[in-house]
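The values are calculated or read from the model by the stated rules, or taken from the named source; none is laboratory data. Everything numeric in this text was worked out from a predicted model, so none of it was measured. Cβ: placed from backbone, ideal geometry, glycine included. Neighbour counts: every protein chain shown.
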């Protein structure tokens, strides 16, 4: 199943020192490992347990997710505009795979 | 009849009262939580006593869908090198697993603010604890009434 990610920055250009807001939504079941299927078997845990955002290669925000993060995790956070560059969002799955999305910020 | 407490009993009661007072509860929880949320908070606080304040925890009073409850945490901090939030822990006291998420901030974040959506299995107290670069710890909590539990069947 292909994962779809939506990323939106509240602006694509910012002056140095201004705050940029990021909203991101990734489609993922975030299976907790606490649910059972119709036969009574436990559905194994499989969720995105880590989120990292870097801007121009430097980490600006990150998070550790646990079972109580809702399916199709949504996140909204901010970063301080320092230098122009790629805004890279990475989600890490329990199985080690990653989902990556990218945007760009121009800082003057 | 004299009633004496041994040291351990006194310490347990004292810690309980401290926890209850710090977390703003008027009564100690009737059922001992077996999900380990108190240890989780204590570990995060690193021995410091969390202080009420500076943390704004935004949650609906009533969540009609426990599977997706919007939450916003904002911490009052200049987010400078000298004074900033390093981590924010969110705990759902009544969930099977109390750890909801831990958010990591730095001066590069600009603001210690985050929104997401969480799962709440039942009506419960949700806690947000913020740790500063100087080790000080701040706390806020909110009671959320959950009409339809979000932990799945």
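Here's the yes/no breakdown for (1) in contact with a helix residue (DSSP H, G or I) (Cβ under 7 Å, 6 or more places away or on another chain); (2) outside any strand (DSSP E or B); (3) exposed (fewer than 15 other Cβ atoms within 10 Å of the Cβ); (4) modelled with pLDDT under 95:
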{"position": "A:23", "(1), (2), (3), (4)": "no, no, yes, no"}
{"position": "A:61", "(1), (2), (3), (4)": "yes, no, no, no"}
{"position": "A:92", "(1), (2), (3), (4)": "no, no, no, no"}
{"position": "A:100", "(1), (2), (3), (4)": "no, no, yes, no"}
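State yes or no: is residue B:114 part of a strand (DSSP E or B), in contact with a helix residue (DSSP H, G or I) (Cβ under 6 Å, 6 or more places away or on another chain), within 13 Å of chain A (Cβ to nearest Cβ) and touching a residue at least 12 places away in the same chain (Cβ under 8 Å)? Let's see the steps before the verdict.
Values: part of a strand (DSSP E or B): yes; in contact with a helix residue (DSSP H, G or I) (Cβ under 6 Å, 6 or more places away or on another chain): no; within 13 Å of chain A (Cβ to nearest Cβ): yes; touching a residue at least 12 places away in the same chain (Cβ under 8 Å): yes.
For residue B:114, the condition - part of a strand (DSSP E or B), in contact with a helix residue (DSSP H, G or I) (Cβ under 6 Å, 6 or more places away or on another chain), within 13 Å of chain A (Cβ to nearest Cβ) and touching a residue at least 12 places away in the same chain (Cβ under 8 Å) - is not met.
For every residue, the table says whether it meets (1) facing another protein chain (nearest Cβ under 10 Å); (2) within 28 Å of residue B:96 (Cβ to Cβ); (3) part of a loop (DSSP other than H, G, I, E, B).
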| position | (1), (2), (3) |
| --- | --- |
| A:44 | no, yes, yes |
| A:53 | yes, no, no |
| A:76 | yes, yes, no |
| A:79 | yes, no, no |
| A:95 | no, yes, yes |
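From the list A:56, A:14, the lone residue that is over 15 Å from residue B:106 (Cα atoms) and without any contact (Cβ under 8 Å) to a residue 60 or more places away in the chain is A:56. Residue B:134 satisfies every condition listed in (1) within 14 Å of chain A (Cβ to nearest Cβ); (2) more than 14 Å from the chain's Cα centre (by Cα) except (1). Being farther than 20 Å from residue B:98 by Cα and either in contact (Cβ under 8 Å) with a residue 24 or more places away in the chain or in contact with a helix residue (DSSP H, G or I) (Cβ under 9 Å, 6 or more places away or on another chain) (or both) is the filter here, so list the residues in the stretch A:35-53 that pass it. Matches in the stretch A:35-53: A:52, A:53. Mind counting the residues in the stretch B:123-153 that are at pLDDT below 95, more than 20 Å from residue A:73 (Cβ to Cβ) and surrounded by 18 or more Cβ atoms within 10 Å (Cβ to Cβ)? So the answer is 0. Do we have residue A:78 as within 16 Å of the chain's Cα centre (by Cα), loosely packed, with under 15 Cβ neighbours inside 10 Å and free of Cβ contacts under 8 Å to residues at least 60 places away in the same chain here? Criteria not met by residue A:78.
Quick check on the stretch B:81-111: of everything there that is more than 10 Å from chain A (Cβ to nearest Cβ) and touching a helix residue (DSSP H, G or I) at 6+ places or on another chain (Cβ under 6 Å), which residue is farthest from residue A:73 (Cα to Cα)?
Start the filter on the stretch B:81-111 by keeping residues that are more than 10 Å from chain A (Cβ to nearest Cβ), which leaves B:81-86, B:93-94.
Checking the rest, the ones that are also touching a helix residue (DSSP H, G or I) at 6+ places or on another chain (Cβ under 6 Å) come to B:81, B:84, B:93.
Values: B:81: 30, B:84: 26, B:93: 21 Å.
Top of the filtered list is B:81.
Across the stretch A:25-41, the number of residues qualifying as part of a strand (DSSP E or B) and modelled with pLDDT of 95 or more comes to 3.
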